[in-house]
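Worksheet: one structure, shown below.
The values are calculated or read from the model by the stated rules, or taken from the named source; none is laboratory data. Predicted model, so just to flag it, every value in this text is computed and none were measured. For neighbour counting, all protein chains shown are included, and Cβ atoms are generated from backbone atoms with ideal geometry for every residue, glycine included. Note: areas computed on protein heavy atoms with side chains; ligands, DNA, RNA excluded. Shrake-Rupley method; radii C 1.70, N 1.55, O 1.52, S 1.80 Å.
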Amino acid sequence: MQLRRIALLGLILAVSFLVLGAGAEQRAPWPSDVFNPKPPANVAGEFDYYTLVMSWSPTHCLSAESGRDDLQCARSDGMRYGFVLHGLWPQYERNFPLACRTRWRPFVPETVIRDMLDIMPSRGLVIHEYKTHGTCSGLMPVDYFRLSRLLFSRIQIPKRYINPLETQFVSPGDLVQEFIAVNPGLKPDMIAVTCGRSGDRLLDVRICMTRDGRVRACGQNERNVCRARRMYVPPVRSRRHSERMPPRAASEPERRPRVLESPSPF
């Protein structure tokens, strides 16, 4: 009787090892996977938060293409652009959706394009942003760009970045503090600065927002995006201009952020 029990136990253990070995590549999900499942990729309307992206137009215009960028960089009316709306990007806490499928054709009507050109001075950019990012919001073009304009209008731009005619240098941290000073409710973990190209030029400022338009902490996508000690901030131009970046002067004084009084935009 004892031998039978031992033999039966051995058979059960052998079968158990075979089952576990066969399913080794299909492990049961960890508890974190069960309670925090990843959102479906590239599904319209399925995302965690928005990132409002504001590009520094003078940096783009340093390498503008004739014809394609004339509306933004070679205007005949003398209009100059500083921060412009680059886009409103749906984001996951980690990673982001792109070019989501919609029940409607991702066509941006001409009237919508024209209405956005004062803050997004590029027809191609308006169309690209909706097809690439707007489709993932789950909103149709007119509603997506209406929301984009609303959120862009809520952000106060620090005074020295409004129509500056002189070259400036600033650290990413100082620029963040300047935005915080004029936007009550904004905190360091809600904003990111990107830089790049030769001379660590200022590229854009990104502010994270909830789906209903309140500022919130950013996810992983906006962490450590600019690690430069100081960034080159080219001045605004009314015409296309190919500019060599001036050398950094060792004795150049550091300009500190100016704290400005401003009503809360949130």
Is there a residue in region 83-93 that is at pLDDT 95 or above, more than 16 Å from residue 149 (Cα to Cα) and crowded, with 17+ Cβ neighbours inside 10 Å?
-> yes
Every listed condition ((1) modelled with pLDDT of 95 or more; (2) over 20 Å from residue 152 (Cβ atoms)) holds for residue 65 save (1)
Looking only at region 142-164, which residues are within 20 Å of residue 110 (Cβ to Cβ), open to solvent by 10 Å² or more (accessible area, probe 1.4 Å) and of a type outside the set (Val, Ile, Thr)?
-> 143, 146, 147, 149
Among the candidates 160, 105, single out the residue that is of a type outside the set (Phe, Trp, Tyr), part of a helix (DSSP H, G or I) and more than 16 Å from the chain's Cα centre (by Cα).
-> 160
Could you grab the pairs with beta carbons closer than 9 Å, sequence gap of 6+ or different chains, first residue in region 110-125 and outside any helix (DSSP H, G or I), second one of a type in the set (Gly, Ala, Ser) and surrounded by fewer than 17 Cβ atoms within 10 Å (Cβ to Cβ)?
-> 119/153
Condition met for residue 240 (modelled with pLDDT of 90 or more, open to solvent by 50 Å² or more (accessible area, probe 1.4 Å), touching a helix residue (DSSP H, G or I) at 6+ places or on another chain (Cβ under 9 Å) and not in a helix (DSSP H, G or I)) | no
Exactly one condition in (1) over 21 Å from residue 162 (Cα atoms); (2) touching a Phe, Trp or Tyr at 6+ places or on another chain (Cβ under 8 Å) is not met by residue 56; state its number.
-> (1)
Selected residue [within 18 Å of residue 217 (Cβ to Cβ) and touching an Asp or Glu at 6+ places or on another chain (Cβ under 9 Å)] from 176, 193, 182, 170 = 193
Please enumerate the residues belonging to region 188-225 that are open to solvent by 20 Å² or more (accessible area, probe 1.4 Å), without any contact (Cβ under 8 Å) to a residue 60 or more places away in the chain and over 22 Å from residue 153 (Cα atoms).
-> 195, 198, 199, 200, 223, 224, 225
Number of positions in region 164-187 that are touching a residue at least 24 places away in the same chain (Cβ under 8 Å) and in a helix (DSSP H, G or I) = 8
Restrict the check to region 71-81 and report whether at least one residue is open to solvent by 40 Å² or more (accessible area, probe 1.4 Å), modelled with pLDDT of 95 or more and on the phi < 0 side of the Ramachandran plot.
-> no
Read through the list (1) under 23 Å from residue 43 (Cα atoms); (2) crowded, with 20+ Cβ neighbours inside 10 Å; (3) in contact with a Lys or Arg (Cβ under 8 Å, 6 or more places away or on another chain), then give the number of the only condition that residue 116 fails.
-> (1)
